[in-house]
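Only one structure is covered here, and it is reproduced in the block below.
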Amino acid sequence: MRNHYTTKGLRFSFSFNFTLRETKDVEEKMNYEINYIRNAHNRLTGGLPQENLGFDFDLNKLSSEKFEAMCVNLLMAQGFSDVHQRGSTNTPDDGVDIEAVENMRGLFGSETRKWIFQCKCSKKQISRKDILEISELLEEFEADRFGIFSSNLFTPRALDRIKKLHRDSVTIFDANEIKYKLSKYPDIIKKYFY
């Protein structure tokens, strides 16, 4: 006898081998196996509802304040240290919303990198004019790297500008990248979207 358990995009198959005298235990065995698979599914997904395993949630439903807080939580979950917001949301922050430190281990020891981040919670794409003077901010804050979190996507011209002027020092986190990163942290998804 072969049975299947399907969850969004994943299909588990299992089979039972038994003789006729064991048939009275078949239902009990099947229930045990199905519960075992459901428990494994919950451990893998952090108990998220199946309809949200595709990570298709709308970042723009968050307020600017919650979006920034979610970015802080995401950075901490990824192992950044000394993560803190600068000022309150929508108040003057000199173009930097979050500061953080990345501790990197390499073949020749460890090093730390200071990061500064902008958080842009917007229903429209991020264009060239939305990107501040990154080089000046890196210098002013004595930072090594600059990150831009966006609840939307970047226009091609904005991406070209970043690549041309700041290829090695800037990392962008558009809506798709944020959703992918969040997929690894179900607790953060639960906190901000449920």
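Side notes on the structure shown:
- Prolate/oblate/rounded label for the range 59-193 (Cα gyration tensor, a/c 1.5): rounded
- Unsatisfied cross-links (Cα-Cα over 27 Å) in the set Lys124/Lys191; Lys123/Lys184; Lys164/Lys184; Lys66/Lys114; Lys66/Lys179: Lys164/Lys184
The numbers here are math on the coordinates, done by the rules we state, and not lab data. Source: prediction; values computed, not measured.
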